[in-house]
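**Student:** The structure that follows is given in the form of structure tokens.
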């Protein structure tokens with residue numbers, strides 16, 4: 001169910017908040033069930049780890065972020081035959097869409113009281129957030145590389161790259 005909720009595209013602020021709330025509830029419910037399993041293992045004398053349920057939540061978030069593919073987004077965009085004014089407009093659109101997708105995914109992390117477990121060090125959540133930010137930067141770079149293979153030449157400015165990054169473009173020519 002959590003995977004299905006993650007794929008829902010919110011149409012407005014209210015539906016985004018509902019999506020985030022549902023994701024929080026489902027993650028908490030899964031963590032509760034995992035905690036019960038760990039407690040039952042402890043009662044039976046089997047080895048158990050009380051941190052595993054909270055770490056599972058982080059692992060699930062990490063995997064959900066990992067499975068998002070910018071290339072897949074690009075192919076969907078091409079299959080829909082959406083036209084833009086020029087290639088730079090298309091690049092800006094794809095970068096914006098990929099960043100929005102990652103931002104929607106991390107929206108759940110904003111309420112630390114609910115989304116962070118006290119047993120797990122804050123470093124784990126910080127690493128997840130940093131990974132998402134790196135993914136956003138990587139997505140911009142992937143678009144920069146992807147478009148030339150399809151006879152399109154992006155500019156550094158259209159990708160939101162710093163002026164020094166546009167010097168690297170000259171090396172592709």
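**Student:** With (1) touching a residue at least 40 places away in the same chain (Cβ under 8 Å); (2) under 18 Å from the mean Cα position of the chain (by Cα) as the list, and residue 22 as the residue in question, which single condition is left unmet?
**Tutor:** The one condition residue 22 does not meet is (1).
**Student:** Listed residues 127, 75, 55; which is out of contact with any helix residue (DSSP H, G or I) (no Cβ under 7 Å at 6 or more places or on another chain), loosely packed, with under 13 Cβ neighbours inside 10 Å and in a helix (DSSP H, G or I)?
**Tutor:** Details: 127 fails: loosely packed, with under 13 Cβ neighbours inside 10 Å; 55 fails: loosely packed, with under 13 Cβ neighbours inside 10 Å.
Step by step, each of 127, 75, 55 is checked, and only 75 is out of contact with any helix residue (DSSP H, G or I) (no Cβ under 7 Å at 6 or more places or on another chain), loosely packed, with under 13 Cβ neighbours inside 10 Å and in a helix (DSSP H, G or I).
**Student:** Still on this structure, please answer the following. Answer yes or no as to whether residue 102 is in contact (Cβ under 8 Å) with a residue 60 or more places away in the chain, surrounded by 13 or more Cβ atoms within 10 Å (Cβ to Cβ), under 15 Å from the mean Cα position of the chain (by Cα) and in a helix (DSSP H, G or I).
**Tutor:** No, not satisfied.
**Student:** Determine which member of the set 55, 91 is over 16 Å from the mean Cα position of the chain (by Cα), touching a residue at least 40 places away in the same chain (Cβ under 8 Å) and over 20 Å from residue 112 (Cβ atoms).
**Tutor:** Being over 16 Å from the mean Cα position of the chain (by Cα), touching a residue at least 40 places away in the same chain (Cβ under 8 Å) and over 20 Å from residue 112 (Cβ atoms) holds for just one of 55, 91, which is 91.
**Student:** Taking the options 117, 109, name whichever one is crowded, with 16+ Cβ neighbours inside 10 Å and in a helix (DSSP H, G or I). I'd like the intermediate steps shown before the answer.
**Tutor:** Numbers: 117 fails: in a helix (DSSP H, G or I).
Unique residue meeting the criteria: 109.
**Student:** Please count how many residues of the stretch 27-52 are in contact (Cβ under 8 Å) with a residue 12 or more places away in the chain and either more than 19 Å from residue 120 (Cα to Cα) or outside any helix (DSSP H, G or I) (or both).
**Tutor:** Of the residues in that region, 2 qualify.
Quick note: the coordinates plus some simple rules give every number you see, no bench work behind them. Being a predicted model, the structure only gives us computed values, none of them experimental. Glycine gets a Cβ as well: all are built from the backbone with ideal geometry, and neighbour counts include every protein chain shown.
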